[in-house]
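For reference, the structure discussed in these notes is given below.
The values are calculated or read from the model by the stated rules, or taken from the named source; none is laboratory data. Note that this is a predicted model, so its numbers are computed, not measured. All Cβ positions, glycine included, derive from the backbone under ideal geometry; neighbour counts span all protein chains shown. Accessible surface areas use protein heavy atoms only, side chains included; no ligands, DNA or RNA. Shrake-Rupley method; radii C 1.70, N 1.55, O 1.52, S 1.80 Å.
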Amino acid sequence: MTTSTLPPFDALLRQAAPLQAYKDHLAAFRAELVERFDADEAIANLLHERADFIDHLLSACWPHFLGEYADALCLVAVGGYGRRELHPHSDIDLLLLAERSPADNPACSERIGALLQFLWDVGLSPGQSVRTTVECLEEAVRDQTVITNLLEARAICGNQALFQQLQAQLTPEQVWPAPAFFAAKLAEQQARYRKYHDTAYNLEPNVKEGPGGLRDIQIIAWVTRRRYGTSNLTQLVSQGILSQAEYLELNRARNYLWTVRFALHTLSGRHEDRLLFEYQKQLADRFGFVSTVGNQAVEQFMQQHFRTIKGVERLNEMLLQFFQEAMPNGQAAVEPVAVDASFRSIGGYLEAVDDTLFKRNPLALLEIFLLLQKNPALLGIRASTIRLIRSSLDLIDDDFRYDPLACRLFLKILREPQGITHQLRRMNRHGVLAAYLPEFARIVGRMQFDLFHIYTVDEHSLFVVGNLRSFALEHPDPRDEHPFAHEVFRQIPKPELLYIAGLLHDIAKGSGSDHSEAGGRIATTFCRRHGLGDDDTKLVSWLVRNHLLMSLTAQRKDISDPDVVHQFAAGVGNVEHLSYLYLLTIADIRATNESLWNAWKDALLKELYVVTRRALRRGLHDPIAQNEIRDARRHDAERRLEQLGLPRHARDAVWVNLSDEYFLRFAPEEIAWHTVALAGCGAADLPLVLLRPESQWGSAEVFIYLRYQDHIFANSTALLDQLGLTILDARLITTNHGYALNSYQVLEQNNAPIDHLMRQTEIAHHLRAGLLNPSEKLPRPARRQAAQIKHFAIPTQIYYQDDPQGRHTIMELFATDQPGLLSKVGQAFTRHGIRVLNAKVSTIGSHAEDVFYITDRENQPLTTEAAKEGLRASLVELVGKN
């Protein structure tokens, strides 16, 4: 919309219904902007034109509403409006500048109020302050955010002399000199980063305020304006503050972020700066991304977004460091100290001896990180050298990558006793890691569109290495959660192989093929390139290919079954491989989503490690038999019961009704606890409900004993869900005399233990009451489904597997997680006369991946397709199709 076609706002105010006329013109203009946006018009034009449009509107309203006070006050645009960067639903930030306070003049205040009310009524969102020039100056002295707003202020209409008078009093010589302003803006940014957990890689990033967002670019502009008097990014190039390449990168990033923000405002119909899940798919379509095998359009779009904001964050970091070094109290006057022939230290920061260093010696691009690693007193790299690294990345080509000296340098970094994770992160931040490992470049900024993986793949991989390094500490913190992992770590001969596997385990994500197999091939190439021996190469490749094996076995299979353990042991091969895999598994799970780690998973993986190590030491040719396990557990339980003083006849009276299967599926500690409880249980105590707050599995055990009924599983799980508990595992036994013996491993929903007596009593009483008087309608779940879940719904899928020994049927359920899911599954089982022997419950973000070991009423596996299909249909009906 050109100036000649702008609406006659002053004439509209004289109409009978000016309010509606203004609304209509605003809506029409907004629709025109969206149409031009969809036609890919330059985003800067659209933002500037909206600001100009609002200027025109306010210029008409000002004399109409202010009347005789219009020339006494000045209407000033501040904030984004002052910069002429107005998005469809941005606030209109205004300063009403007066010589004397309007509060002392009721008539003037009334007119100002009428103007602001009109702006609200027409659909604008004015953010206003009314101050005198003296008040502005006082506020600016007290608050750096006020001086920041005033830096980019521009007068729209009214008393221009008043505005110029204020501007003349806001120079760095009078208010906020450059060093103090810089320190305040740096502290503000650090606080803002902390709010977003110091990462640009939030799943729903804020395009304005988040790390690497528009605010990071604005801070560069504000600081340079205060320090150098520049008014735009272009001037930074002419003054030698920005290189042309850096300017182009910042400008591209700003235009991109403007475009995303404009689209968010348009899609949401409000001032929305968060890239929420509900908009990510729509924006991926809007920007033309197309899904391919293993690479969703939304993941491609978010990778572009994360790479962009990470680039802004790195440029912001480098430039702010550059400004800090150049400040009068910075490092400019510090005497350089030679470190070696290539680098010197200035104030603890490494600097290249000259600008030709990397051209003369490209290997120095790796040497600098090894030097920092060997000299922990060094604080980092000077901004000028960071800039030199960034501009020299093209020197890392295939000749460089295959240079034996470069390969030795990289391995040295991985073999140093300290600083490995820190330097890998620094290499990633400055682009060196992606340049040296092109496969790693493909996962930089790559996200997975789910609620499970909360980090991008590159960040996750570096977190894995960091976790592995924590196991290496010689004197770990007494509060450390992994004392057993520290013991295992001391047994591995070459920790660097573990770090390589951690770095590469997800490197083929998004490749369109099985990322574990493709990653194994990449790992083989990497190891051979770096001169590792055949055995080491095979180990690293095996770890990458099988990095999910242990977690899947522990969480989805019955590890009390010796056949399962033998099969896993056969796949692992030897204790050394087992130790490496155990450590990688823990580090991987914890680096995926810290909130999903709990004591239950810790205990489960430790148990699998211990029983597998025992099987490997015994020899795969001589697998332990079920009767050996049964007899060993009975003997251990007998010893525990003798120590507890339980008479043998009382023990035998309980055990006579327990099958061999019971002794195979429960540990001696559990058997002893159950036996004591059942020995003292009479008919009046039924249903018997007990809670042990801490079991050997790191969770609480809820024990239920009562006459068998088909609906017990459905009722029990519904009641536990109503209590706000997370069910991790269920083992259900029917005794020889027709009683149900059910054991549930549970935690609070936040993974906390159940350690308060009142809470334990509440759980036991609520369960017993619900089982004693079951209602026809199952209790409603306590929790509500998270709003985000709807964006990650998956089709409900049921798969069946036959137990090799014909004991039961294994049913796998994949579904969208929802409150009361297990009780719905239990209803389906009741409907079809299904008995549950064991349930392995796993929630991965928004997805439930549960495994059930089931039989029919006759304790036989499901053998007919009709039975399986009937059960499948009921599950889909009760759980939902997605």
* Structure fact -> Reported set for the stretch 339-360 where residues are of a type in the set (V, I, T) and open to solvent by less than 20 Å² (accessible area, probe 1.4 Å) is I346
* Go through the stretch 296-325 and give me each residue that's open to solvent by 20 Å² or more (accessible area, probe 1.4 Å) and either outside any helix (DSSP H, G or I) or farther than 11 Å from R446 by Cβ (or both). => Q296, T308, K310, E313, R314, E317, Q321, F322, Q324
* **Residues that are in contact (Cβ under 8 Å) with a residue 60 or more places away in the chain, crowded, with 20+ Cβ neighbours inside 10 Å, out of contact with any Asp or Glu (no Cβ under 8 Å at 6 or more places or on another chain) and not in a loop (DSSP other than H, G, I, E, B), drawn from the stretch 58-86** => L58, W62, L66, C74, L75, V76
* Asked: Just wondering, is there one or more residues in the stretch 167-175 that are touching a residue at least 60 places away in the same chain (Cβ under 8 Å), in a helix (DSSP H, G or I), out of contact with any Lys or Arg (no Cβ under 8 Å at 6 or more places or on another chain) and not acidic (D, E)?
  -> no
* Residue among F400, F358, F369, F410 that is part of a helix (DSSP H, G or I), more than 35 Å from the chain's Cα centre (by Cα) and in contact (Cβ under 8 Å) with a residue 12 or more places away in the chain -> F358
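The rows are residues; the columns are (1) part of a helix (DSSP H, G or I); (2) at pLDDT 90 or above; (3) closer than 30 Å to S392 by Cα.
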position: A191; (1), (2), (3): yes, yes, no
position: A200; (1), (2), (3): no, no, yes
position: G212; (1), (2), (3): no, yes, yes
position: R215; (1), (2), (3): yes, yes, yes
position: W222; (1), (2), (3): yes, yes, yes
position: R225; (1), (2), (3): yes, yes, yes
position: L236; (1), (2), (3): yes, no, yes
* Asked: Somewhere in the stretch 672-691, is a residue surrounded by fewer than 21 Cβ atoms within 10 Å (Cβ to Cβ), modelled with pLDDT under 90 and not in a helix (DSSP H, G or I)?
  -> no
* Across the stretch 373-384, which residue is nearest to A326 (Cα to Cα) among those that are open to solvent by 10 Å² or more (accessible area, probe 1.4 Å) and hydrophobic (A, V, I, L, M, F, W, C)? -> L379
* Structure fact -> Scanning the stretch 796-837 for residues that are closer than 14 Å to V879 by Cβ, aliphatic (A, V, I, L, M) and assigned to a strand (DSSP E or B) gives I798, M811, L813, A815
* **One residue from R857, R835 being touching a Gly at 6+ places or on another chain (Cβ under 7 Å) and open to solvent by 20 Å² or more (accessible area, probe 1.4 Å)** => R857
* To do: List the number of the failed condition for V76; all other conditions in (1) at pLDDT 95 or above; (2) among the hydrophobic types (A, V, I, L, M, F, W, C); (3) over 29 Å from T259 (Cα atoms) hold.
  => (3)
* Checking A245 against (1) out of contact with any Asp or Glu (no Cβ under 9 Å at 6 or more places or on another chain); (2) open to solvent by less than 10 Å² (accessible area, probe 1.4 Å); (3) of a type in the set (A, V, I, L, M), which test does it fail? -> (2)
* Structure fact -> By residue number, the members of the stretch 618-637 that are touching a helix residue (DSSP H, G or I) at 6+ places or on another chain (Cβ under 7 Å), without any contact (Cβ under 8 Å) to a residue 60 or more places away in the chain and part of a helix (DSSP H, G or I) are R630, R633, R634, D636, A637
* **Among the candidates L620, L608, residue that is closer than 30 Å to L837 by Cα and crowded, with 18+ Cβ neighbours inside 10 Å** => L608
